[in-house]
Amino acid sequence: MADKTLFQKIADREIPAEIVYEDDLCLCFRDINPQAPVHLLLVPRKPVPRIAEATPEDQELLGHLFSRVRLIAEQEGFATAGFRTVVNNGPHGGEEVPHLHIHLLAGRQMTWPPG
Ligand code: AMP
């Protein structure tokens with residue numbers, strides 16, 4: 001079996017993290033190096049490496065993740081003020097962890113274009 005990814009280890013409680021939401025398909029925890037007052041990572045339990053490698057079989061999972069964004073934004077209190085979602089993909093995208101994750105950034109005014 002392939003080695004577990006960092007985020008699988010967090011899901012399996014082998015590495016600590018502050019988990020704010022979880023269900024059968026995904027979990028959401030605080031980023032260890034926050035880039036905003038609120039910085040969460042929403043991660044599928046399935047180790048899809050990155051969005052560019054998601055398959056048609058993952059369609060329902062991707063929909064589930066984005067449906068959880070709303071729920072988590074409301075739960076964590078930043079739905080009304082607004083927030084940013086980011087999915088880094090590959091070297092030019094700035095991806096560091098090869099396990100699909102949606103960044104949820106909130107608590108300050110975001111700027112555009114991103115770096
Ligand atoms: P990316 O650059 O899109 O692959 O994002 C990876 C994110 O994982 C970065 O924002 C890191 O700060 C975050 N990260 C790395 N290790 C941990 C950890 N142990 N717990 C929580 N977040 C982490």
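Values in this text are rule-based calculations from the coordinates and carry no lab data. Keep in mind the model is a prediction, meaning the values are calculated, not measured. Here the Cβ positions follow ideal geometry from the backbone for every residue, glycine too, while neighbour counts run over all protein chains shown.
Scattering from region 41-81 was approximated by placing one identical point on each alpha carbon and applying the Debye formula without solvent; log10 I(q)/I(0) at 0.31, 0.33, 0.35 1/Å stands at -1.08, -1.16, -1.25.
Positive end of the dipole of the chain, charges at C-beta (+1 Lys, Arg; -1 Asp, Glu), about the Cα centre: which of Gln35, Leu71, Gln59 has its Cα farthest in that direction? Farthest along the dipole direction, towards plus: Gln35.
Helices in the chain, meaning DSSP H runs of at least 4 residues, each add -39500 (n - 2.57). Divided by all residues, the mean residue ellipticity at 222 nm is -7000 deg cm²/dmol. For region 1-79, GluC sites (Glu not before Pro) meeting the loop criterion (DSSP other than H, G, I, E, B) and having at most 13 other Cβ atoms within 10 Å: Glu14, Glu18. Charged neighbours of His64, selected by a Cβ distance under 15 Å, balance to -2 (K, R count +1; D, E count -1). The amide H of Glu95, built 1.01 Å from its N in the peptide plane, has Asn89, Gly90 as neighbours under 5 Å, considering only residues 5 or more places off or on other chains.
Taking a point 7 Å out from the Cα of Ala54 in the direction of its Cβ, the residues of region 19-36 whose backbone N falls within less than 15 Å of it are 25-27.
Our summary of shape: the Cα atoms of region 6-106 have principal axis extents of 33, 31, 28 Å, ordered from largest down, in whole angstrom.
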